[in-house]
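The values are calculated or read from the model by the stated rules, or taken from the named source; none is laboratory data. Note that the coordinates shown come from a computational prediction; the quantities given were computed from them, not determined experimentally. Here the Cβ positions follow ideal geometry from the backbone for every residue, glycine too, while neighbour counts run over all protein chains shown. For accessibility, only protein heavy atoms count, side chains too; no ligands or nucleic acids. Shrake-Rupley method; radii C 1.70, N 1.55, O 1.52, S 1.80 Å.
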Amino acid sequence: MALTLPNGGRPRQMRIKLSVELARGASEQQATDALTPRVYDALLTYLRTIQDGEVDGGLGLDRLRADLYRRLELVVGPGVLRDVLITSLVMA
């Protein structure tokens, strides 16, 4: 995903790549649901609200990953996700 963050009038670019691990026993339909445009929309809506400095440091990344997990779980349902991994994050 690539998006522009508001950053108080000075826009910043964020590029983020995620991997989603599914829980054991997740059905093929649940796996398909984890890749729908609805999931992309939920993540994009959340990521656009991030303020400058919120993802700085290790604690910021942990908070970001936890928030992404919660939002994804709301979309795909409980018990489907095992984890959300941030595989790449670039802020410019």
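Quick look at the numbers
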{"quantity": "Pairs with Cβ under 6 Å, 6+ apart, first in the range 56-76 and closer than 17 Å to PRO37 by Cβ, second acidic (Asp, Glu)", "calculated": "VAL76/ASP33"}
{"quantity": "Verdict on GLU28 being among the acidic types (Asp, Glu) and more than 19 Å from THR4 (Cα to Cα)", "calculated": "yes"}
{"quantity": "Selection within the range 33-58 - among the charged types (D, E, K, R) and either open to solvent by 80 Å² or more (accessible area, probe 1.4 Å) or more than 25 Å from VAL80 (Cα to Cα) (or both)", "calculated": "ARG38, ASP41, ARG48, ASP52, GLU54, ASP56"}
{"quantity": "Residue count, the range 34-87 (criterion: of a type in the set (S, T, N, Q) and either under 14 Å from LEU3 (Cβ atoms) or in a helix (DSSP H, G or I) (or both))", "calculated": "3"}
{"quantity": "Residue, modelled with the highest pLDDT, within the range 1-32, restricted to residues that are under 15 Å from ARG82 (Cβ atoms) and not in a loop (DSSP other than H, G, I, E, B)", "calculated": "LEU18"}
